[in-house]
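The values are calculated or read from the model by the stated rules, or taken from the named source; none is laboratory data. Because the structure is predicted, anything quoted here is derived from the model rather than measured. Methodologically, a virtual Cβ is constructed for each residue, glycine included, from the backbone with ideal geometry; neighbour enumeration extends over all protein chains shown.
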Amino acid sequence: MKYEIKNIQLADKGNKRILWAQKEMPVLGKIMERFIKEKPLKGKKIAICLHVTTETANLVITIKAAGADVYLCASNPLSTQDDVAASLVKNYKIPVFAIRGENNKTYDKHMNIILDINPEILMDDGADLANMVLLKKKDLLKGIIGGTEETTTGVVRLRAMVKNKVLAYPVISVNDALTKHFFDNRYGTGQSTIDGIIRATNILLAGKVIVTAGYGWCGRGFAMRAKGMGARVIVTEINHLKAIEAIMDGFEVMPMKDAVKLGDIFVMLTGNLNVIDGKHFPSIKNGAIVCNAGHFNLEINLNALTKVSKSVKNVRDFVDEYTLKNNKTIYVLSQGRLVNLTAAEGNPASVMDMSFANQALSVEYLIKNYKNLKNDVYAVPEKLDNEIAQLKLNSMGIEIDTLTKEQKKYLSSWSSGTQK
Ligand code: ADE
């Protein structure tokens, strides 16, 4: 078996951590039990490009247990947990091509390797596999029956492919499932971003001014948690509706040009590029910490920051100090890459349980239904989303009420109104 990882001797440590995460992933565990019996993915070649974490390991093990032939590479050069990669290779016989800190050339090489197996299904996080196939490996398209996409940024890219009529296979948008973005994006990224900032800097958040760029599900979750830690939170937005929501949730809203003068910590959660840009840096508060939790490392314009700086030095793991020509200092975390997956371990297993249950059921759905699907982006079927919610509640030991016959009838009728 071929693989490219940092160090196979890290396998035991990785396996202990994979098993620790497994305890928090009961929904995926239930799906795995059924997959072991039914083997719904038997013989299917699946290329998986996800952050190589303990949670992803549990997903990949589940997909393999369903009978698939799986190959894994990283969806970010800096998020790989090398011990997990080692354990997947040694303990689970899964070919992994991912090394934490790999350069862009190696990152591309690893994607190429897992595409060269001629996969039938692509599991993406950020649509890098889709992008590579459509731009450089069109010959693979004849064998691809479909794909899944994990994250908001990837779904945006895939929808642009549909608009430009270049997407050449159906994709299930796992991100759009309610059991995904309500929990993973909001509570998962909310918590793991705080975790990343603290692990990178060990600073106190209470009393700080934290600027959150973007009030999507991740931004909402992060702002809520930052407030809970005692920070004063400012939100920047480009969407009127979300801006009103942020105000009514109790946050200040203002443009970035004003926020830069007030913030101690800046967190990018927009999915866009150059959100904090060349024009902002000179007026930023001295000593500000700037980081990103969006998928790509484009949200902070580091080229522009370098241009207005006279020196850069690493002052601590994950922390680079930029000294500006006007003598202010700015601290950039994790080279502008996802702080939650680089300085911390990514979203906790309990929320990834639902996200990856969606992934597993979506792959099964694709295999059963791809002949009836067009080259489009599809939501996870509501039935599967509900099934996952129900399994999660069951795993928490929580019961809820059910509608009575009378209530069901009432909800489907129109004739009763104000009582006279
Ligand atoms: N994305 C965010 N958190 C993650 C995690 N723990 N594993 C895989 N992908 C993630």
Residue that is nearest to the ligand (Cβ to nearest atom) [pool: residues in segment 186-204 that are in a loop (DSSP other than H, G, I, E, B) and without any contact (Cβ under 8 Å) to a residue 60 or more places away in the chain]: 202
- prompt: Is it the case that segment 348-356 has a residue that's modelled with pLDDT of 95 or more, hydroxyl-bearing (Ser, Thr, Tyr) and part of a helix (DSSP H, G or I)?
  reply: yes
message: When you scan segment 238-250, do you find a residue that is of a type in the set (Asp, Glu), within 18 Å of residue 300 (Cα to Cα) and part of a loop (DSSP other than H, G, I, E, B), even just one?
response: no
query: Cβ-Cβ below 8 Å, separation at least six or inter-chain, first residue in segment 53-71 and farther than 17 Å from residue 118 by Cα, second of a type in the set (Lys, Arg) and within 15 Å of the ligand (Cβ to nearest atom): which pairs?
result: 54/17
- request: Considering only segment 369-407, state which residues are in contact (Cβ under 8 Å) with a residue 60 or more places away in the chain, over 23 Å from the mean Cα position of the chain (by Cα) and outside any loop (DSSP other than H, G, I, E, B).
  value: 370, 395
statement: Subset of segment 68-77, residues within 13 Å of the ligand (Cβ to nearest atom) and not in a strand (DSSP E or B), comes to 74, 75, 76
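Residues checked against (1) surrounded by 23 or more Cβ atoms within 10 Å (Cβ to Cβ); (2) farther than 23 Å from residue 270 by Cβ; (3) within 16 Å of the ligand (Cβ to nearest atom):
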| residue | (1), (2), (3) |
| --- | --- |
| 291 | yes, no, yes |
| 305 | yes, no, no |
| 315 | no, yes, no |
| 320 | no, no, no |
| 329 | no, yes, no |
| 340 | yes, no, yes |
| 356 | yes, yes, yes |
| 364 | no, yes, no |
| 370 | no, yes, no |
field: Odd one out for residue 61, checked against (1) touching a Phe, Trp or Tyr at 6+ places or on another chain (Cβ under 7 Å); (2) of a type outside the set (S, T, N, Q); (3) in a helix (DSSP H, G or I); (4) within 21 Å of residue 171 (Cβ to Cβ)
entry: (4)
task: May I ask you to list the residues in segment 205-219 that are in contact with a helix residue (DSSP H, G or I) (Cβ under 6 Å, 6 or more places away or on another chain) and not in a loop (DSSP other than H, G, I, E, B)?
output: 210, 211, 212, 217, 218
query: Among the listed residues 16, 42, 37, 30, which satisfies the condition of being out of contact with any helix residue (DSSP H, G or I) (no Cβ under 9 Å at 6 or more places or on another chain), basic (Lys, Arg) and either under 24 Å from residue 112 (Cβ atoms) or assigned to a helix (DSSP H, G or I) (or both)?
result: 37
message: Consider segment 338-376. How many of its residues are among the aliphatic types (A, V, I, L, M) and more than 14 Å from residue 180 (Cβ to Cβ)?
response: 10
- prompt: For segment 149-185, how many residues are within 13 Å of the ligand (Cβ to nearest atom), more than 16 Å from residue 388 (Cβ to Cβ) and assigned to a helix (DSSP H, G or I)?
  reply: 3
message: Filter segment 235-257 down to the residues that are within 20 Å of residue 289 (Cβ to Cβ), surrounded by 14 or more Cβ atoms within 10 Å (Cβ to Cβ) and not polar (S, T, N, Q) and list them by number.
response: 235, 251, 252, 254, 256
